[in-house]
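The next block holds one structure in the form of structure tokens; read it before the comments.
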Amino acid sequence: MKRIHIRGGTPLSGIIPISGAKNAALPLLAAGLLTEGTLTLDNVPNVVDIESMLALLAELGATVETDVNTGTNGSGSGFGLSVRLSTPAIRSTTAVYDLVRKMRASVLVLGPLVARFGHARVSLPGGCAIGTRPIDLHLKALQAMGAEVGLDAGYVEVSAPKGLTGAVFTFPSVSVTGTENALMAAVLARGETRICNAAREPEIGDLARCLVAMGADITGIDTDTLKVQGVERLGSARHAVIPDRIETGTFAIAAAITGGSIELQGTRLELIGATADALRQAGIAIEPTAHGIRVARRDNGVRGVDVMTEPFPGFPTDMQAQIMALMTVADGAAMITETVFENRFMHVPELCRMGANINVHSASAIIRGVPALSGAPVMATDLRASVSLVLAGLAARGETIVNRVYHLDRGYERLEDKLAACGATIERADD
Ligand code: EPZ
């Protein structure tokens, strides 16, 4: 089984190139189904979730070509992929259970398939480690545009044989991929669609800008009300994926927790607003540079800060496990409240095995800082919980062994290489 071995205690210093955002690249790849033209995406992160999406698109009938990243990610670091997609015709409109169960984001093919081909049959994703994660809001949005929805043998069947019709739809609660599915459906619907209470994550703005480059008519981008005038068809475009704000935040915490100083290249400070605010409150220095952001811990340590996860522009739930790792060695106490998912504290017992002092009370965790963590064998349970254990291992005394690293590989490109280049003692072993 693949494991990662970390020997903690080294303050990290150097440069880390930030890859393209996985959660932007996934809907952008699905958008390739919307056009008979060619969509070229640069700065696509080379991670397992992207491989899974490319396999699904090929299964549906898209022609997929990948190349080393020829787009700029600000550091020319040889990371990432350029992907060329074309879907002149479709072979199947079914996203099978075996692909969807591996990656919930497969549900992002739903909107494009129904919008362009009038039909989609997508396995219900089922729950995952962090919660039940239903797709009822996705389906409600498509129904509002005239689609018929049925359930059969664990699959959701969505059809609109006469095409979709623009509508006004208000999301009862904010959904990132729900907004993305609704937006991709609306660009080919007849007439005007208004998507209200839309999610405002930067990945949605990136998708919208790419769709506009393909010929879509979208206004209100980056706001909670997206207005779309449907068009007959979309054309070709070339688009560079935005930098990954969660990877940026993750490595910012690597600098903070080890007492180091790292320049994160190919990323932008405005992508990590709430994370940067929390880290600055904790006493971490974060400054923009010509190539990205510099993060450094001042010599007066780390202060405990209270954090509540919220949809963008609030503190990202995808950064919750990582900032908790930092709080375990802060001076004082911190309270972290998870409001987005119902079960996103699986990293807590693993951090406690490393000597952290954490108590969970329903949606909140109280963390009391300890002088130091001690390395231990720990178990990864989901993508962000896994990386929080790596962060803890970088600061802990002795050796930490992180098991089930396949979780990490879903969303972090060459994590060990990037950390080792800044002085971390970290290696992957197949033992
Ligand atoms: C996206 O998931 C991200 N994934 C997640 O990142 C991220 O944690 C999440 O947004 C929140 O920011 C991708 O973008 C591929 P939601 P998504 O729909 O869209 C409930 C990572 O680590 N809900 O915004 O699935 C849902 O259960 C991943 O990279 C419904 O009830 O999240 C959750 O409690 C993990 N019905 C809340 O809404 C629905 O139809 C927010 O979910 C849809 C969602």
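On C-alpha positions alone, give me the angle between the axis of helix 245-258 and the longest principal axis of the chain, in degrees, nearest 10.
Orientation of helix 245-258: about 0 degrees from the principal axis.
Looking only at Cα atoms, what is the convex hull volume of the chain per residue, in Å³?
On the way: hull volume 53.0 nm³, N = 431.
Dividing the Cα hull volume of the chain by its residues yields 123 Å³.
So how exposed is E310, as accessible area in Å² (1.4 Å probe, rounded to 10)?
Approximately 90 Å² for this residue.
Measure up K102/K162; K2/K22; K140/K227; K102/K227 against 29 Å on the Cα-Cα distance and list the ones that go over. Can you show the working numbers first?
Numbers: K102/K162 32 Å; K2/K22 22 Å; K140/K227 18 Å; K102/K227 33 Å.
Correct reply: K102/K162; K102/K227.
What is the helix-to-structure angle for 383-395, meaning the angle in degrees between its Cα long axis and the longest Cα principal axis of the chain, kept from 0 to 90 and rounded to the nearest 10?
20 degrees
Give the shape of the range 289-431 as rounded, prolate or oblate, defined through the alpha-carbon gyration tensor: a ≥ b ≥ c are the square roots of its eigenvalues, a/c under 1.5 means rounded, and otherwise the shape is prolate if a/b is larger than b/c and oblate if not.
On the way: a/c = 1.26, a/b = 1.20, b/c = 1.05.
Rounded shape, in that the Cα axes give a/c under 1.5.
Would you please put 88-95, 186-193, 265-272 in order of how densely packed they are, using the mean number of other Cβ atoms within 10 angstrom per residue and starting with the highest?
Ranked from most to least packed, the peptides come out as 186-193, 265-272, 88-95.
Order these peptides, 214-220, 235-241, by their mean beta-carbon neighbour count within 10 angstrom, highest first.
235-241, 214-220
Gap in Å between the Cα centre of the range 94-122 and the Cα centre of the range 129-159?
Value for the Cα centre distance between the two parts: 10 Å.
Accessible area per residue for the chain in Å², computed with a 1.4 Å probe and the full protein assembly in place, what is it?
Working: 15780 Å² over 431 residues.
It amounts to 37 Å² per residue over the chain.
When only the heavy atoms of the protein chains count and the probe is 1.4 Å, how do V212, V44, V231 rank by accessible area, highest first?
On the way: V212 60, V44 0, V231 40 Å².
Result, largest first: V212, V231, V44.
Please report, as a whole percent, how much of the solvent-accessible surface of the range 184-252 comes from carbon and sulfur atoms (probe radius 1.4 Å). Display every interim value, and only then the final one.
Values: 1020 of 2360 Å².
With neighbouring chains kept in place, the figure for the range 184-252 is 43 percent.
Determine the distance separating the Cα centre of the range 380-431 from the Cα centre of the range 244-259; give it in Å without decimals.
13 Å
The values are calculated or read from the model by the stated rules, or taken from the named source; none is laboratory data. Keep in mind it's a predicted model, so treat the numbers as computed, not measured. Cβ: placed from backbone, ideal geometry, glycine included. Neighbour counts: every protein chain shown. Note: accessible area is taken over every heavy atom of the protein model, side chains too, but ligands, DNA and RNA are not part of it. Shrake-Rupley method; radii C 1.70, N 1.55, O 1.52, S 1.80 Å.
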